[in-house]
Amino acid sequence: EAQVTQNPRYLITVTGKKLTVTCSQNMNHEYMSWYRQDPGLGLRQIYYSMNVEVTDKGDVPEGYKVSRKEKRNFPLILESPSPNQTSLYFCASRGLPETQYFGPGTRLLVL
Amino acid sequence: DAKTTQPTSMDCAEGRAANLPCNHSTISGNEYVYWYRQIHSQGPQYIIHGLKNNETNEMASLIITEDRKSSTLILPHATLRDTAVYYCIVRVYFSGNTPLVFGKGTRLSVIA
């Protein structure tokens, strides 16, 4: 089954404690991206990757890092989380034409 | 991406067909019509897409008018699990890095 998986699904942490949200896809897609979703603000892109070792900033990259060492994996790293990063996060991979497949989401609370 | 207009909300009785309209009067010749939906707090789900011909898959049917200025997503036998926000998006075949932008969509409520 074609899918995008994310872990963990729920996470409560404290300010400044580094965390990583993993993302993996099994569709051999080259393009992957991370979004955050906040009430009233819709989905906003954090980072994207056009292929292995190629990543770039989206609309709201501050406070986040990513890496793309393998085609299937695209982890999101918060080096020093802050309360304003409390949000619902989605990883997505894209096939052609323009069909995006989203993961189930990670709900993050930073205290 | 061309702008789309959708009704804010719709109701549908369980077991009946749900017909969700979308206007995209400024669509250009190389733009596709895509439909996604988001069930509460779940990841957005791709449903179907089309260029100019009607399309059908296991989830839904997409009817595009001949002038391509509007389309209708049809869920043939709506169930309670189809309650979600449905988004109509117009994009070219390959948009590079342009992020996918979801508008306000149509909130479909399927009622028992």
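Interface burial in region A:77-104 reaches 40 Å² or more for A:Arg94, A:Leu96, A:Pro97, A:Glu98, A:Thr99, A:Gln100, A:Phe102, comparing the full protein assembly with the chain by itself; accessible area from heavy atoms with a 1.4 Å probe. Using the Karplus relation 6.51 cos²θ - 1.76 cosθ + 1.60 with θ = phi - 60°, the per-residue 3J(HN,Hα) values for region A:98-107 come to 6, 9, 9, 10, 9, x, x, x, 10, 9 Hz, with x marking Gly and Pro. Positive-end ranking of B:Leu73, B:Ala84, B:Pro99 along the dipole of region B:57-109, with charges on Cβ about the Cα centre, is headed by B:Pro99.
For region B:25-112, GluC sites (Glu not before Pro) meeting the loop criterion (DSSP other than H, G, I, E, B) and having at most 14 other Cβ atoms within 10 Å: B:Glu58, B:Glu66. Looking at chain A as a GNM with Cα springs under 10 Å, which of A:Tyr89, A:Tyr64, A:Tyr47 has the largest mean-square fluctuation? In the Gaussian network model the winner is A:Tyr64. Using R₀ = 35 Å, calculate the FRET efficiency as 1/(1 + (r/R₀)^6) where r is the Cβ-Cβ separation of B:Asn97 and B:Asn23; round to 0.05. For R0 = 35 Å, the calculated efficiency reads 0.85. Annotation for B:Ile63 and A:Lys71: the two label points, set 7 Å from Cα along the Cα-Cβ direction, are 4.0 nm apart.
With all protein chains kept in place, the per residue accessible area of chain B amounts to 52 square angstrom at a probe of 1.4 angstrom. If you place +1 on the Cβ of every Lys and Arg, -1 on the Cβ of every Asp and Glu, and leave all else neutral, what size is the dipole of the protein assembly as shown about its Cα centre, to the nearest 20 Debye? Charge dipole of the protein assembly as shown: 500 debye, to the nearest 20. The interface between chain B and chain A buries about 1700 Å² of solvent-accessible area in total (1.4 Å probe, ligands and nucleic acids excluded). Accessible surface calculations at 1.4 Å, restricted to protein heavy atoms, place chain A at 48 Å² per residue. Springs between Cα atoms under 10 Å define the GNM used for chain A, and in it the highest mean-square fluctuation of A:Val21, A:Val52, A:Val66 occurs at A:Val52.
Convex hull volume of the Cα atoms of chain A, normalised per residue: 93 Å³. For A:Ala2 and A:Leu96, the difference between the fully extended length at 0.36 nm per residue and the C-alpha to C-alpha distance is 32.4 nm. Across the protein assembly as shown, counting alpha-carbon atoms alone, Rg and Dmax equal 18.0, 56 Å. Sorted largest first, the principal axis extents computed over the alpha-carbon atoms of region B:17-112 equal 40, 29, 22 Å.
Evaluating 6.51 cos²θ - 1.76 cosθ + 1.60 at θ = phi - 60° for every residue in region A:37-54, the Karplus couplings come out as 10, 10, x, x, 10, x, 8, 10, 7, 9, 9, 9, 9, 7, 5, 4, 6, 10 Hz, glycine and proline recorded as x.
In region B:74-103, comparing the full protein assembly with the chain on its own, the residues that lose 20 Å² or more of accessible surface at a 1.4 Å probe are B:Arg91, B:Tyr93, B:Phe94, B:Gly96, B:Asn97, B:Pro99, B:Leu100, B:Phe102.
Evaluated over the protein assembly as shown, the count of Lys pairs having alpha-carbon atoms less than 17 Å apart is 7 (only pairs 8 or more residues apart or interchain). Relative to the isolated chain, which residues of region B:25-67 have their accessible area cut by 50 Å² or more in the presence of all protein chains (1.4 Å probe, heavy atoms, no ligands or nucleic acids)? Listed by number, the residues meeting the 50 Å² cut-off are B:Ser41, B:Pro44, B:Tyr46.
Distance from the Cα centroid of region B:39-85 to that of region A:70-111 is 25 Å (rounded to whole angstrom).
Highest mean first, the peptides B:37-47, B:5-15 sorted by other C-beta atoms within 10 Å per residue fall in the order B:37-47, B:5-15.
From zero up to wherever the largest Cα-Cα distance of region A:47-111 sits, split into 10 Å bins and tell me the percent of pairs in each. Reading upward from the zero bin: 19, 51, 27, 3, 0. A Förster radius of 25 Å, combined with the Cβ-Cβ distance separating A:Val14 from A:Arg44, puts the computed FRET efficiency at roughly 0.55. The label point for A:Asn51 and the one for B:Lys104, both projected 7 Å from the Cα toward the Cβ, are 4.1 nm apart. Only protein atoms count toward the accessible area here, which uses a 1.4 Å probe; on the protein assembly as shown, the carbon and sulfur part of that area reaches 51 percent.
Build a GNM of chain A with springs between Cα atoms under 10 Å apart, and of A:Glu98, A:Glu70, A:Glu79 the one that fluctuates most is A:Glu98.
The values are calculated or read from the model by the stated rules, or taken from the named source; none is laboratory data. As the structure is a computational prediction, the values presented were derived from the model and not from experiment. So basically every Cβ, Gly included, is an ideal-geometry build from the backbone, and we count neighbours across all protein chains shown. Calculation scope for accessible area: heavy atoms of the full protein, side chains included, ligands and nucleic acids excluded. Shrake-Rupley method; radii C 1.70, N 1.55, O 1.52, S 1.80 Å.
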